[in-house]
Amino acid sequence: MNKDPRRQATAGFEMHPQLSQQEREAQNLDVWSLLCFLSAFMGIFLKYRVLVWVSLVCCCASLANMKTADSGLRAMTSSVTLSVMGLFMAYLGSHQIPLLLVPVIGGKSDSC
């Protein structure tokens, strides 16, 4: 007597229907645009200039990888605008150094 609880006779493979080219393109996410938004927001809020430049590079990569000219025009303009706004805020904004960027070197502290 076989004590295996699985029934091999009823086991079958689930086949997914084949998607058309348009459905596959609709399911693909624009990863470069997502990275552009995330790095722009982090760069603006944390005042990291490097993240804003990464956002601009990701924005250019997203523009280069667009399949059609009309797809995502509103999202593309908002990501370009956000990246350029981040650059302006990083270089022309207040020049205070965020507390996260102040290094502790030499082990000296002002509290003593």
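The values are calculated or read from the model by the stated rules, or taken from the named source; none is laboratory data. This structure is a prediction, so every number in the text was calculated from the model and none was measured. Every residue, glycine as well, gets a Cβ built from its backbone with ideal geometry; the counts of neighbours run over all protein chains shown.
Summary of computed values
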{"read-out": "Qualifying residue in segment 59-66 (condition: in a loop (DSSP other than H, G, I, E, B), on the phi > 0 side of the Ramachandran plot and of a type outside the set (Ser, Thr, Tyr))", "value": "no"}
{"read-out": "Test: residue in segment 59-76 that is surrounded by 14 or more Cβ atoms within 10 Å (Cβ to Cβ), out of contact with any Lys or Arg (no Cβ under 7 Å at 6 or more places or on another chain), modelled with pLDDT of 90 or more and small (Gly, Ala, Ser)", "value": "no"}
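Each row is one residue, and each column tells you yes or no for (1) assigned to a loop (DSSP other than H, G, I, E, B); (2) at pLDDT below 85; (3) not polar (S, T, N, Q).
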site	(1), (2), (3)
Asn2	yes, yes, no
Glu23	no, yes, yes
Ala26	no, yes, yes
Leu29	yes, yes, yes
Leu34	no, no, yes
Ile44	no, no, yes
